[in-house]
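Chemist: Pasting in a structure now, in structure tokens, and then I'll have a few things to ask.
Each value in this text was obtained by applying a stated rule to the coordinates, not by laboratory testing. Note that the coordinates shown come from a computational prediction; the quantities given were computed from them, not determined experimentally. Glycine also receives a Cβ, built like all others from the backbone with ideal geometry; neighbour counts cover every protein chain displayed.
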Amino acid sequence: MFEAIDHFDKTVTTWLNGIDFPDVLDWFFKVITWLGEFGFIWILLGVLFLITFKDKKPAIGMLLALAMCFLLNDLVFKQIFERVRPYDALDDIKLIIGKQHSFSFPSGHAANGMAAAFGFFCLTKSNWRWVLVTLAVLIGISRIYLKMHYCSDVAVGLLLGMAVGFVASLLVRGWYARGGRKRRARR
């Protein structure tokens, strides 16, 4: 099973490497991937939503999910799987951005982005939830396009992010259901 996934991943990456995409796509995906660096856009949006939204739960869910996912993915899963990146495993990969210095599986950009987006998504009906999920998926696609990750790295990262975002939303709901801020304010 894993050999088939690995073969698929390497075939897709090699195929993408052989296509001469327009420069505007290179620029677009560089910008999209940059937004996901160090959780930059998610932290910025989380703080902005925390300040501007009357209901704080979605923003808290977003930031909690991001922190949880970073700890789980970058500090645990990547160290367990130790999958090398496509440009280290395949010959003649044309890089558009510089090499990363961490393992490939699961994609941190995809996992962290989807965790933040889904943590928000599960706690609101705001139309922003669709924008955030779309951005998380685009960030994941950018990692494949830029040959920083294999398809399975991103797919598993997105699924992991959804799971962590859902758990974070349950934690936030539970905290608020038990009195959350009101109880703390009375002390």
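Chemist: What is the total of Lys pairs in the chain with C-alpha atoms under 29 Å apart, excluding same-chain pairs fewer than 8 positions apart?
Modeler: So the count works out to 21.
Chemist: Go through the range 2-107 and name the GluC sites (Glu not before Pro) that are in a DSSP coil and have 14 or fewer other Cβ atoms within 10 Å of their Cβ.
Modeler: Glu82
Chemist: How far is helix 57-69 tilted off the main Cα axis of the chain, in degrees rounded to 10, range 0 to 90?
Modeler: Once rounded, the angle reads 40 degrees.
Chemist: Please report the equivalent ellipsoid semi-axes of the range 3-60, computed as sqrt(5 x eigenvalue) of the Cα gyration tensor, largest first, in whole Å.
Modeler: Value: 36, 17, 8 Å, ordered largest first.
Chemist: Please express the Cα-Cα pair-distance distribution P(r) of the chain as a list of whole percents, one per 5 Å bin, running from 0 to the bin with the greatest distance.
Modeler: 1, 9, 16, 19, 17, 13, 10, 7, 4, 2, 1, 1, 0
Chemist: While we're looking at this one, here's another question. So how long is each side of the range 93-167 along the principal axes, counting just the alpha-carbon atoms, biggest first, in Å?
Modeler: On the principal axes, the range 93-167 reaches 42, 21, 17 Å in Cα extent.
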